[in-house]
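What follows draws every value from the coordinates through simple rules; no lab data is involved. If you're wondering where the values come from, they're calculated on a predicted model, not measured in any experiment. Every residue, glycine as well, gets a Cβ built from its backbone with ideal geometry; the counts of neighbours run over all protein chains shown.
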Amino acid sequence: VFWMCVRAFLLATGVRLDFLLRTAMPQSHLLRGVGWALVVLGSALMAVSVAQLWLHGEGYPVSHLPPTRLVARCVSRRRRHTIYVGYTIAFAGVAGLVGSFWTLVVSVPLLTVGWIAYVLLYEEPKLISRYGDQYLAYRDTTPLLPIGRSPVLRAAGHCCMAAICRRLGPFANKTLLYRRGR
């Protein structure tokens, strides 16, 4: 429930900013296709991650049924906390489906920063106390975020930044003031 409320709040915030600043993205078949692809990819990553916690860790990603063994195989072999990564990818896809520019630019990064803070401040200390040196070794060899040396991911990042700069360009060097209510 908490994660659905967070996502609903962040999506509503982005859509509201689109309305107030009149910056919604034009809907196209390409944008919808990319949005659906991200939703499917993110959902599949979350499903595979939960399944491997159940199959190989004998638990679930909930505090009262935690995995009894550290799972460092399949998708968790390449990235830590793949459920959160999948969640963020799916959320970015929903932002594309609804055509919300500000959800992509503001809400997706806020969601990412939020789960990273949660992971680093709460979840990882618990994992270290549960699995000890085994988790420390896993953490040292496995990156947290799905970015890094991949040229494909770097190129995608550059394309996203170029698109963001194009959209924010009209607002550069302008004072934006608006008033709500009386």
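A few points about this structure:
- Rounded if a/c under 1.5, otherwise prolate or oblate - region 3-44, Cα gyration tensor axes: oblate
- Model label points for Leu121 and Glu58, set 7 angstrom from Cα along the Cα-to-Cβ axis, are 3.4 nm apart.
- With R₀ set to 41 Å, the beta-carbon distance separating Gln134 from Arg16 gives a calculated FRET efficiency near 0.35.
- Theoretical gain in end-to-end length, Arg78 to Trp36 [0.36 nm per residue, Cα-Cα removed]: 12.7 nm
- Reducing region 1-31 and region 86-145 to their Cα centroids gives an inter-centroid distance of 19 Å.
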